[in-house]
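J.: The structure that follows is given in the form of structure tokens.
We did not get these values from a lab; they are worked out from the coordinates using the rules stated. Just so it is clear, the structure is predicted and the values come from calculations on it, not from any experiment. Every residue, glycine as well, gets a Cβ built from its backbone with ideal geometry; the counts of neighbours run over all protein chains shown.
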Amino acid sequence: MTVQGEAQTKTGVLLTDNAASKVKSLLDQEGRDDLALRIAVQPGGCSGLRYQLFFDERSLDGDTVTDFGGVSVVVDRMSTPYLHGATIDFVDTIEKQGFTIDNPTATGSCACGDSFH
């Protein structure tokens, strides 16, 4: 897992090279270059908070934007404290495929892995 660490100072989030590559691929499939990857924390799930990753064209007041090798990552001001130090990766193995979030500020998570506290 290679991480582009210099950009962490803006959003508090790290995006690995694997994740950046997958995001670029998905954006290429969409044929859009005006979208950014928004990472947010919302209430929900069995542990209280849930991660959301989605493409967004909006710019909200208080957003922090960081570039990871041509991929813009946006975090809103309410989510920033929950995501500080989190690493977003993309895994593609026979057992699992998808984005993963390693968050050192999460004190626990549910059995399904979709929410944390």
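J.: Where in the range 19-55 does the label zone of Gln97 land, with the point 7 angstrom along Cα→C-beta and an amide N cut-off under 20 Å?
T.: 19-31, 53-55
J.: Could I ask something else about it? Between Arg58 and Arg77, what is the spin-label point distance in nm, taking each point 7 Å from the Cα along the Cα→C-beta axis?
T.: 1.6
J.: Taking square-rooted eigenvalues a ≥ b ≥ c of the alpha carbon gyration tensor, is the range 38-97 rounded, prolate or oblate, where a/c under 1.5 means rounded and, failing that, a/b exceeding b/c means prolate?
T.: oblate
J.: Spin-label point model (7 Å from Cα, Cβ direction): what's the Arg50 to Lys24 distance in nm?
T.: Once both label points are built, they end up 3.2 nm from each other.
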